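Have a look at the structure below, then the notes.
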Amino acid sequence: MTESRKGVALRELYWKTLVLGTHYPAEFNGGRFRTPPGDSFPMDIVIGLDKIANVYKVVIDADEYLTPSKVTIRVGQGKLNEEVNYKNARTSKFQKPVILEFHRRERSVSRLESKNAFTDAVGQYIWITIEKPIPLSQNPHNQIEIKKLTVLGYPLPEELPRGTPVPESPKLEQNDEDVANLKMENLELESKGVPKKEKKIERHS
């Protein structure tokens, strides 16, 4: 990687799946997943990073034909040194969403539709909402396939000096009502434990 910040190189961050819609989270741990025919959308995915980091961008590689119409990505920051799990993810503070919109394309050499979400926020969690697929004759069962999910960022030091606050993204303003309402604990949950409520968002190309 050629990009760096204050002497720290941008690198791929390791993560694990905490929520995968109504499916077993382990099915997405390799960063690849295809929905079965008839699956419901939107589908929420929550992943947890190995350690807190500045998440610079999230790269989604989707199949050319089994392509979502839209993907929403939020980075969430929980307490330092707490266990990374869904329970703690629900009480984390999430930034305003970054929106990736996919469009119907002409035939291409590539079988992948790649999109970059530039988040540039500190956190341990990434909450991804996948909307229904683009209607195509090549996708009669309305499926979506994520070929690869890559998280790139700048890891924070293993141990911050005593009294040093964890850096926060400017998007995590305590007085911003939209941000406050993005906390998972405030969202309406279905029996499967997946957040569903939609909030006002800002668009990114």
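FYI, it's all coordinate maths here, none of it is from the lab. This structure is a prediction, so every number in the text was calculated from the model and none was measured. Counting neighbours? That spans all protein chains shown, and the Cβs are built from the backbone with ideal geometry, glycine included.
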Check: At Ser114 and Leu10, where each label point lies 7 Å from the Cα along Cα→Cβ, what is the point-to-point distance in nanometres?
Finding: 1.2
Notebook entry, point to check: Based on the Cα gyration tensor of the range 44-105, what are the three equivalent ellipsoid semi-axes, each the root of five times an eigenvalue, rounded to whole Å and given largest first?
Noted result: 27, 11, 11
Notebook entry, point to check: Going highest first, how would you order 56-65, 35-44, 79-88 by mean Cβ packing within 10 Å?
Noted result: 56-65, 35-44, 79-88
Item checked: Amide N of the range 121-152 lying under 17 Å from the label point, which is placed 7 angstrom from the Cα of Asn29 along Cα→Cβ -> 149
